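Remarks on the structure that follows.
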């Protein structure tokens, strides 16, 4: 008769093998470029930063800045809600009138202004210009900030020096060039000269020189990534906060640009600032209607801030954390 077989308890070392393997699996170092960049950003966010509570002077200053920023909108609404005689009064009532919707309807229904076509043109031009400036500025900023090539410093100085040249000096040759390209009178004549910005290149160069460590670029090269892959997976995510700010600046600047579109565009196909100038005649200007049009032109910008403001501030604060 054979002896009974007793169950054998697992060894303590074997019982701990699986948790230890899980721990080692969780602690593996990131290998891909995206994982390395996210790990670097996580270490920055975990860095302890001493935050001081603002004092009464800071709050007073910010309230003053807020009031100074709101006052132009309030004044425009005050005039835009009155009539033609409101601007000529010696003392203007601080209470808005009741003619704003009538004045706004006059702007929207004016066949000379063609408001809806003008606002569509402004949206197209501002969006295309902002996107192209952000893209090309990020490419150039990455090259100037992190790549080594002959003549880099001299070329960067030349790009920055172009910002000192007044725009008015290039109007005549630029108009001739647009005419020879058969773009005069079209939106392409406004978009093409603005797709690259010297300010944008300088902005992204300064940001990437501090926000993008050389270690991440070297790690990408060790992994065998090409320069395009390094830019796409490492530099572009690092440049996101500055790119968002640059895109907002360029969008607003293009939206409010009057000088060049007034010269190169036809009056039948204007952008919004050019269309608003058509509200003024040679003999009489009804500033209540003009101010109503100005307020209508700011509504898309206010919507943009309302939609993208929180994400924009979040990106700025994330990029401001120093490792």
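The values are calculated or read from the model by the stated rules, or taken from the named source; none is laboratory data. Computed from a predicted model, the values in this text were never measured in an experiment. All Cβ positions, even for glycine, are placed from backbone atoms using ideal geometry, and neighbour counts span all protein chains on display.
Filter the stretch 175-202 down to the residues that are assigned to a helix (DSSP H, G or I) and loosely packed, with under 14 Cβ neighbours inside 10 Å and list them by number. Across the stretch 175-202, the qualifying residues are 176, 179, 180.
Screening residue 172 with (1) more than 23 Å from residue 308 (Cβ to Cβ); (2) touching a helix residue (DSSP H, G or I) at 6+ places or on another chain (Cβ under 8 Å); (3) part of a helix (DSSP H, G or I) gives one miss only, at (2).
Across the stretch 33-82, what is the number of residues that are part of a helix (DSSP H, G or I) and either at pLDDT below 85 or within 30 Å of residue 290 (Cα to Cα) (or both)? Number of matching residues: 33.
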